[in-house]
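Written out below as structure tokens is the structure these notes cover.
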Amino acid sequence: GSYLDGAFDLSRHVYLGGYYSNLSADRGPGDLDRYGVKIGFHTGLTGITDFYTQAELGQLESRYDDSFSYGAFVGTRTTFNPHFELITKAGYTEVDKANDGYFEAGVKGLFKISKAHAFTAEFESLDGDLGANVGFRFMF
């Protein structure tokens with residue numbers, strides 16, 4: 001699948017963003033588009049670690065049904081050196097037309113190759129189902 005995520009600071013501590021993802025299965029009926037907006041708050045905990053909390057409103061579109069979703073997350077972002085950051089997250093997303101929502105937890109490494117470019121590697125759990133993804137980050 002593919003994923004696009006963006007955010008910008010509204011103030012020193014508040015940010016606004018959006019996301020889009022598409023998960024298509026080569027076999028079976030699976031095709032899922034997910035998009036929405038997010039607003040968050042971040043503040044320093046220590047000299048190298050920030051705490052953040054985030055709320056999301058979104059839409060899930062599948063071949064069979066569409067559904068509204070909303071969620072809340074907390075996490076940390078730690079800068080170990082100029083080239084490596086570790087980002088953690090934990091949260092819950094409620095899906096309107098599902099019986100329940102899902103818990104999510106993850107850890108992501110950000111490997112900076114310049115001030116504007118980085119590679120990412122993430123491991124996450126969605127209600128106990130483990131997954132991994134890699135990506136590229138462009139910052140401006």
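Key figures for this structure:
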{"quantity": "Some residue of the stretch 130-140 being modelled with pLDDT under 95, open to solvent by 60 Å² or more (accessible area, probe 1.4 Å), among the basic types (Lys, Arg) and under 23 Å from LEU23 (Cβ atoms)", "calculated": "yes"}
{"quantity": "Members of the stretch 114-129 found to be touching a residue at least 24 places away in the same chain (Cβ under 8 Å) and either open to solvent by 50 Å² or more (accessible area, probe 1.4 Å) or farther than 25 Å from THR49 by Cα (or both), listed by number", "calculated": "LYS115, LEU126, ASP127"}
{"quantity": "Residue match in the stretch 111-119 (condition: in a strand (DSSP E or B) and under 21 Å from LYS38 (Cα atoms))", "calculated": "no"}
{"quantity": "Qualifying residue in the stretch 86-93 (condition: of a type outside the set (A, V, I, L, M), open to solvent by 50 Å² or more (accessible area, probe 1.4 Å), modelled with pLDDT of 95 or more and in contact with a Lys or Arg (Cβ under 7 Å, 6 or more places away or on another chain))", "calculated": "no"}
{"quantity": "Yes/no for ALA98 being without any contact (Cβ under 8 Å) to a residue 24 or more places away in the chain and either aliphatic (A, V, I, L, M) or closer than 25 Å to LEU45 by Cα (or both)", "calculated": "no"}
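The values are calculated or read from the model by the stated rules, or taken from the named source; none is laboratory data. Just so you know, these numbers come straight off a predicted model, no measurement behind them. No Cβ is skipped: glycine too gets one built from the backbone with ideal geometry, and neighbour counts run over all protein chains shown. We work out accessible area using only protein heavy atoms, side chains counted, and drop any ligands, DNA or RNA first. Shrake-Rupley method; radii C 1.70, N 1.55, O 1.52, S 1.80 Å.
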